[in-house]
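All remarks here apply to the structure that follows.
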Amino acid sequence: MKTIFDKNNRDELIGRIGRINQNKKAEWGKMNVYQMLKHNTYWNGWILGKGNHTYKQTFMGKIFGKMALKKMIKDEKPFDKNIPTSAQFKAKELNGDLEAEKSKWISLLCEYENYNNPNFVHDFFGKMTKEQIGILAYKHTDHHLRQFGV
């Protein structure tokens, strides 16, 4: 199973991020390329414990979260194309410095080498093991790169 904690997997993802440019259009979903980058820098910062994030599981997550997580990370199958994004992760800005956002995302991915955020609780899935986080972070990154054809 691919995980963000494997250096070869991170390097592969970073290479794909390097191929993103302003001309990339989404193959599905509502985000433009800049919004996708902002979404991913915020999301990875949240996972890594950067900034002032609150870690609290939603009520629906408490009911369905563990079951959904198990289904999403049980195998190598990529995420479905139009899975919903929690409101806190939707980028509102339509435009910005694409290269700076790519660099920020790459820098965050590199930080998974020394991952340590014992307080992390996913807003839907709840408390997760490091292994689960690694698989989820890899699949989330792959999902958005495939969304933009890289």
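Key figures for this structure:
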item: Residue match in the range 74-90 (condition: surrounded by fewer than 19 Cβ atoms within 10 Å (Cβ to Cβ), hydrophobic (A, V, I, L, M, F, W, C) and not in a loop (DSSP other than H, G, I, E, B)); result: yes
item: Tally, over the range 1-25, of residues that are over 19 Å from Thr41 (Cβ atoms), surrounded by fewer than 12 Cβ atoms within 10 Å (Cβ to Cβ) and not basic (Lys, Arg); result: 2
item: Scan of the range 35-60 for residues that are assigned to a helix (DSSP H, G or I), exposed (fewer than 15 other Cβ atoms within 10 Å of the Cβ) and of a type in the set (Phe, Trp, Tyr), ordered by number; result: Phe59
item: Selection from the range 92-111 of residues that are at pLDDT 95 or above, exposed (fewer than 13 other Cβ atoms within 10 Å of the Cβ) and of a type in the set (D, E, K, R); result: Asp97, Glu99
item: Subset of the range 112-150 that is in a loop (DSSP other than H, G, I, E, B) and in contact with a strand residue (DSSP E or B) (Cβ under 9 Å, 6 or more places away or on another chain) - its residue that is surrounded by the most Cβ atoms within 10 Å (Cβ to Cβ); result: Met128
item: Single unsatisfied condition, Ile63 versus (1) of a type in the set (Val, Ile, Thr); (2) more than 27 Å from Glu101 (Cβ to Cβ); (3) surrounded by 19 or more Cβ atoms within 10 Å (Cβ to Cβ); result: (3)
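The values are calculated or read from the model by the stated rules, or taken from the named source; none is laboratory data. Bear in mind that the values here come from a model prediction, so they are computed numbers and not experimental data. Note: ideal-geometry Cβ built from the backbone for every residue, glycine included; neighbour counts use all protein chains shown.
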